[in-house]
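Please read the structure below before turning to the comments.
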Amino acid sequence: MRIAVVHGFGAPGGEDEAVLDQVAALTRAGHEVRLVSVNGRGRGPLATLRAFGPDVVHVHNLYPAFGRAWVTEWTGPVVATLRHGPHRGSRFAALQFPWAPRGGLRQDPLLRRADRLVVLSEASRDACARAGLPRERLDVVPDFVPTLTEAEAGPEAAAEVGPEPAAEAGDAWVCAAPLAPERGVLELLRRWPAGERLDVVGAGPLEGRCRAAAPASVRMRGAVGRGELRRALPGYRGIVLPGRGARGAVPLVYAEALAAGLPVLAFEGAVASAVPRAVRSEGTGTVTTLDAHLPDALDVAAKIFPTLREHCRAVYAKRYGEAVWTERTECLYASLVA
């Protein structure tokens, strides 16, 4: 199958990595894939698409690289991935669609034109349906993370980010997230018990405030490469994901933790988030709130998490592995081409 993937790089979160992973997976599956992309603003993709002649066009992030009017001129099958769903107070949360027309989501050129809309979770599909998008055009296909190769998972890299060599294996927790207001890391550090070791991996506008709030038992590791983090994850006791706010899908680091057999401590807030919902439904850890007594929540997690490692790996293979993503995506494309 000939597949064109349209994506403007510079998207928020791990979207750029997810798109590159998907292009590589489709190529490995034997498809002819053309990535139509640009960093920053560029011309519309019509000329490139017409020259390539794809069986299906899959659109990811368009802002700010591409406009959306071109989709009305394309006559072939179109799939669009919606990574950030609508939430209270906004017609659409993502930079992907920051200028949604006054008529709402149903008047958006891409959303009207796309034959199928891919969302990353059941929570996102429910939110999009409530916002007015036809449920029959919404397909749940979670992002995947590729399995580390033997070279990437070599033992020489295990301590690059992880606990100090002198520390007992599994003695520390890890929190991997951008240091931004919606990720809840600052609130977590203000409540973190002084006797519990925690590595914080990430950077962002709140880095100075996070460093000031962190107790002595917390190490601020800054930004690290994706491969380095994934190699280090198995050496931790568990991963702490305090993100709050309405997010339509779990972050990629959730799937990366499961691939490493690392259970998740998620935090539930006033606004529903996909992470605690996934942890509960998939049985991959425990859920608490920032208002709860955090030492008690950590004690419970420390007792349960050693028994969940193999289960987490099984959930990764069944739901977030490359093979299951490729099969779901091929079925979706084939239904449109047929």
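The values are calculated or read from the model by the stated rules, or taken from the named source; none is laboratory data. What you see is a predicted model; the values in this text were computed from it and never measured. Here the Cβ positions follow ideal geometry from the backbone for every residue, glycine too, while neighbour counts run over all protein chains shown. These area figures cover heavy atoms from the full protein model, side chains too; ligands, DNA and RNA do not enter into them. Shrake-Rupley method; radii C 1.70, N 1.55, O 1.52, S 1.80 Å.
Okay, residues lined up against (1) at negative phi; (2) assigned to a loop (DSSP other than H, G, I, E, B); (3) of a type in the set (Lys, Arg):
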position: 27; (1), (2), (3): yes, no, no
position: 30; (1), (2), (3): no, yes, no
position: 38; (1), (2), (3): yes, no, no
position: 43; (1), (2), (3): yes, yes, yes
position: 49; (1), (2), (3): yes, no, no
position: 61; (1), (2), (3): yes, yes, no
Please list, ordered by first then second residue, the pairs with beta carbon atoms under 9 Å, 6 or more apart or interchain, first in region 295-307 and free of Cβ contacts under 8 Å to residues at least 40 places away in the same chain, second open to solvent by less than 60 Å² (accessible area, probe 1.4 Å) and among the hydroxyl-bearing types (Ser, Thr, Tyr). 296/288; 297/286; 297/288; 297/289; 300/286; 300/288
Within region 71-103, restricting attention to residues that are outside any loop (DSSP other than H, G, I, E, B) and open to solvent by 20 Å² or more (accessible area, probe 1.4 Å), which residue is modelled with the lowest pLDDT? 90
Test residue 328 against the stated conditions and say whether it is within 25 Å of residue 241 (Cα to Cα), open to solvent by 50 Å² or more (accessible area, probe 1.4 Å) and within 21 Å of the chain's Cα centre (by Cα). no
So which residues in region 13-33 are open to solvent by 60 Å² or more (accessible area, probe 1.4 Å) and within 20 Å of residue 203 (Cα to Cα), if there are any at all? 13, 17
For region 190-213, give me the residue count where each residue is under 26 Å from the mean Cα position of the chain (by Cα) and at negative phi. 16
Taking into account only those residues within region 219-250 that are part of a loop (DSSP other than H, G, I, E, B) and among the charged types (D, E, K, R), which is nearest to residue 142 (Cα to Cα)? 247
Residue tally, condition open to solvent by 60 Å² or more (accessible area, probe 1.4 Å) and modelled with pLDDT of 95 or more, over region 34-49: 1
Selection status of residue 245, modelled with pLDDT under 95 and either closer than 30 Å to residue 23 by Cα or open to solvent by 30 Å² or more (accessible area, probe 1.4 Å) (or both): yes
Residues that are farther than 19 Å from residue 287 by Cα, among the acidic types (Asp, Glu) and open to solvent by 40 Å² or more (accessible area, probe 1.4 Å): does region 215-236 have at least one? yes
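Matching residues to (1) in contact with a helix residue (DSSP H, G or I) (Cβ under 8 Å, 6 or more places away or on another chain); (2) under 15 Å from residue 147 (Cα atoms):
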position: 239; (1), (2): yes, no
position: 269; (1), (2): no, no
position: 288; (1), (2): yes, no
position: 295; (1), (2): no, no
position: 309; (1), (2): no, no
position: 318; (1), (2): yes, yes
position: 332; (1), (2): no, no
Against the definition (out of contact with any strand residue (DSSP E or B) (no Cβ under 7 Å at 6 or more places or on another chain) and either small (Gly, Ala, Ser) or open to solvent by less than 10 Å² (accessible area, probe 1.4 Å) (or both)), how does residue 258 come out, yes or no? yes
In this structure, does residue 313 turn out to be within 17 Å of the chain's Cα centre (by Cα) and either in a helix (DSSP H, G or I) or at pLDDT below 95 (or both)? no
